[in-house]
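See structure below.
Since every read-out is calculated from the coordinates, none of them should be taken as a lab result. What you see is a predicted model, and the numbers here were worked out from it, not measured in a lab. Please note: Cβ atoms are built from the backbone with ideal geometry, for glycine as well, and neighbour counts cover all protein chains shown.
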Amino acid sequence: MNKAIYALGRLKTGAMNKTEQAYAINLERLRQEGYIAWYKFEGVKLRLADNTFYSPDFAVMTAEGRIQMHEVKGARAIFQDDAKVKVKVAADAYPFQFLVVYPIAKNKGGGWEIDEY
């Protein structure tokens, strides 16, 4: 039987899960190499509608000054429909580039797979 695996609740605000921690290490490397100028975990809260907000995992400023919002997911199966809708609505409402990032397994070369919205 194929059952989806879901997290058993959210961590405390401001606390990163292991995938987010690994991605933060990647962002720090990119900052040190000059590809990005700045990043902040849970640094932005976007209003989508009355009483509806979206907080991307990372706000990122590229070296060229572009602002991006990065949402980190452990696997594609975990990116549920309600989260997809929030990312798509935010992408339509705000002038930022929205990226959803998934880790690539180490046995498949490692790194990150990115979808742009």
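The table below gives the values:
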| quantity | calculated |
| --- | --- |
| Residues satisfying the stated conditions in the stretch 14-46, i.e. surrounded by fewer than 11 Cβ atoms within 10 Å (Cβ to Cβ), out of contact with any Ser or Thr (no Cβ under 9 Å at 6 or more places or on another chain) and not acidic (Asp, Glu) | GLY14, LYS18, ILE25, GLN32, GLY34 |
| Any chance TYR94 is within 12 Å of THR19 (Cβ to Cβ) and either buried (at least 16 other Cβ atoms within 10 Å of the Cβ) or among the small types (Gly, Ala, Ser) (or both) | no |
| Looking only at the stretch 102-117, and only at residues there that are part of a strand (DSSP E or B) and among the aromatic types (Phe, Trp, Tyr), the one that is nearest to the chain's Cα centre (by Cα) | TYR102 |
| Tabulated pairs, the stretch 89-117, first on the phi < 0 side of the Ramachandran plot, second of a type in the set (Asp, Glu) and surrounded by 16 or more Cβ atoms within 10 Å (Cβ to Cβ), C-beta under 8 angstrom, 6+ apart or interchain | PHE98/GLU71; LEU99/GLU71; VAL100/GLU71; VAL101/GLU71 |
| Subset of the stretch 47-77 [under 15 Å from TRP112 (Cβ atoms), of a type in the set (A, V, I, L, M) and surrounded by fewer than 16 Cβ atoms within 10 Å (Cβ to Cβ)] | ALA75 |
